[in-house]
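Nothing in this text is a laboratory measurement; each read-out follows from the coordinates by a stated rule. Just so it is clear, the model here is predicted, and its values are computed rather than measured. A quick note on method: Cβ atoms are made from the backbone with ideal geometry, for glycine too, and the neighbour counts reach across all protein chains shown.
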C-alpha cells in the first residue's frame, strides 16, 4: 500500500498515536494527528494539519450533566490561551469554556445548535466544539497528555 | 493559573476591615455577608460579576443579598421575545436584564429577595445552599411546608414555587443565585412573563412556567427584612462567623474598581438583545384598510439581535414595489428593534411622493412590523 503512515493508520481505523509512541517521537508530517492533550479545566485539543479540534473531556461532560445549550464563538474570532470562548449550559448552570491554545477559530460544530446533547453522548468525536489554528505550537507542550490527565482527575476527585 | 491575581490582592472592601478577626480565620468555613444598598438590577448584577472576577474565595465564601425595583431577568441563553411581553415591559417601564448564569426568566420587584452564594468552583453546592435557605425558613416558622425539588426549586405547600435557581461556573470561582418570593406583585409577574409572540422558532433555552406564591400570603409577618435576617443568621452560623451584614454600594468605584463599566456593559443593547441565540420569525398579520383586510406574511432570521434575512409578502401593488424592496433592504442588517425601525421607516418615507393614501398604508405596514420587535 502506498501513501504515508498516517493514511495507513486511518485506513486501518486507528485514531490517535498514543498506542504507537508519543507524537513528538514521530517524524514531523503535517498529516499526523497529534494525541489528545488536556487542560486542567477539562478541555481537550487534538491537532491535525495544523488545525486543532477542541472539546470537553468525559469527566467534564459527566460533571456538567445534560447540556441544553452551546454558546460558541464566531468563525474568525482570535483567541489567546485561557481566553473564554463560549459557554455550555446544563441544569441551569452556565459553564464557561476556555481556549487551550492561542489561535483563530476556523470552524464551529453546527450540529450542536439542534443537538447540544452530542457533547454528552460523544464528547471526543461528534460532540467537538470548535476548530482553530495553532498559532504557537509550543503551547501544546504545556498541556497534559492523556495519562497525566487521568492522574490529574484522580487527584482532584479525592 | 489564577486570573487577575493583582486585582484580587488589592481588593478592599473597607467595611470588611472592621469585621472582627473571626471573619479572617483561614478555615474553609470562613464567610462574608454583603447586602447591596441599590435596587438597580444592572448594578447588582455587576456586583456579582465583580465578586466572581476579583475575589479570592478559597479562604472565605460570600453571601450577597440584593433586591431590585421592577425588572425582568432572562437567563444567559434565552430569547426575550419568547420569554416576556416586551411591549408591556416598555409600557410599564420595567427593566429588562440578561444575567450571565443559565436558567429561566424571572420577575423581580422589591418583594423578591435575591441570594447569591459565591464559592470556589470545587465547593459549589446548590443543594446545600437551598437547604440552608429552607433551614432558615423553618427556624422562623416551623410549620412552613417548604422543600427543595431536584430541579433546585423551593416549593411551598408542595405546589407553589417560591424560589428558582441558576448558576455560573467560571475558571476558579462559581456562584449560585436564587430568588425568594416574599411579597411580589403576582399580577404583574404573570402578565409580564407571558409572551404573546407567535411564530418564533429558536433553540434558546426555554423557561418552565410554574404557579407561584408569596411567603407573606402564608404568613403576613414574613417580610423581606425578616427573611433576609433569618437567612443571614443561618449562613453566619454555618460558616462560623458573626451575624454581621456588610452594606455595599454598587456604584462605589473605590471599593469595587471597574464596577461601573461592568454595570454599563450589562445595559448595552448588544448584551441584552444581541446575545439572543439565532432565531426565526415566521408569522403574519392582518391590515384593515378602507374596505378590505389584507394578510401580510413576514419571515425573518435574526442573529445577534439583527435582521439577517427579511421577507415581507404583501398583496401586489398595495404599496409601490420599489418602496417595499427598499424597506426589506433597509431592515436587513438592522437591529430587530422598534426604535431603530422607526428611524429607518421615517427616512424612507421622505423619499416617497407626498401622497396621503400612500403614507397611511406605509404607516400601517410599518407599525405592524414594529409590533413584531
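In nm, give the distance between the simple-model label positions of residue B:251 and residue A:154, each being 7 Å from the Cα along the Cα-to-Cβ direction.
The two pseudo-label positions are separated by 5.7 nm.
Could you tell me which of rounded, prolate or oblate describes segment B:279-371, using a ≥ b ≥ c as the square roots of the eigenvalues of the alpha-carbon gyration tensor, with rounded for a/c under 1.5 and, failing that, prolate when a/b is larger than b/c and oblate otherwise?
Verdict is oblate for segment B:279-371.
Expressed in nm to one decimal, what extension gain is obtained for the pair residue B:290 and residue B:329 from 0.36 nm per residue of sequence separation less their Cα-Cα distance?
Extra length from residue B:290 to residue B:329 when fully extended: 11.2 nm.
Would you order B:306, B:126 from fewest to most other beta-carbon atoms within 10 Å of each residue's own beta-carbon?
B:306, B:126
Quick one: helix B:224-238 against the long Cα principal axis of chain B, what's the angle to the nearest 10°, folded into 0 to 90?
50 degrees
Which value in deg cm²/dmol, rounded to the nearest 500, describes the helix-derived mean residue ellipticity at 222 nm for the protein assembly as shown, given -39,500 (n - 2.57) per DSSP H run of n ≥ 4 and division by the residue count? The partial results should precede the final answer.
Values: 19 runs with 160 residues, N = 531.
Dividing the helical sum by the residues of the protein assembly as shown leaves -8500 deg cm²/dmol.
Of B:287, B:74, B:162, which has the largest mean-square fluctuation in a 10 Å C-alpha GNM of chain B?
B:287
Among DSSP bridges having both ends in segment B:2-272, what percentage is antiparallel? Round to the nearest 5. Don't jump to the answer; show the numbers that get you there.
Numbers: 28 of 42 bridges.
Among the beta bridges of segment B:2-272, antiparallel pairing accounts for roughly 65 percent.
I need the shape label for segment B:142-195. Rule: rounded when a/c is under 1.5, else prolate if a/b > b/c, else oblate, with a, b, c from the alpha carbon gyration tensor.
Details: a/c = 2.42, a/b = 1.30, b/c = 1.87.
Taking the square roots of the gyration eigenvalues as a ≥ b ≥ c, segment B:142-195 is oblate.
What is the spin-label model distance, in nm, from residue B:90 to residue B:210 if the labels are put 7 Å beyond Cα along the C-beta direction?
Simple spin-label model gives 3.1 nm for this pair.
Taking the Cα atoms only, what angle lies between the long axis of helix B:126-140 and the longest principal axis of chain B, rounded to 10 degrees?
For helix B:126-140, the angle is close to 70 degrees.
What shape does segment B:173-318 take by its C-alpha gyration tensor, where a ≥ b ≥ c are the square roots of the eigenvalues and a/c under 1.5 counts as rounded, a/b above b/c as prolate, and the rest as oblate?
Prolate, because a/c is 1.5 or more and a/b exceeds b/c.
Averaging sequence separations of C-alpha pairs under 8 Å and six or more residues apart, then dividing by the length of chain B, give the relative contact order as a whole percent. Spell out each step's value before the answer.
Working: 698 pairs, mean separation 65.7, N = 373.
This gives 18 percent for chain B.
For chain B, set up a GNM with springs between Cα atoms under 10 Å and report which of B:31, B:356, B:104 has the largest fluctuation.
The residue with the greatest mean-square fluctuation here is B:356.
Can you put A:85, B:117, B:187, B:285 in order, fewest other beta carbons within 10 Å first?
So the residues, fewest neighbours to most, are B:187, B:285, A:85, B:117.
Top mean-square fluctuation among B:296, B:272, B:72, Gaussian network model of chain B, C-alpha springs under 10 Å?
Maximum fluctuation in the GNM of chain B, among the listed residues, is at B:296.
Taking the Cα-to-Cβ direction at residue B:120 and at residue B:188 and moving 7 Å from each Cα, how far apart do the two end points lie in nm?
4.2 nm
Report, in degrees rounded to the nearest 10, the 0 to 90 angle that the Cα long axis of helix B:41-54 makes with the longest principal axis of chain B.
Relative to chain B, helix B:41-54 is tipped by roughly 50 degrees.
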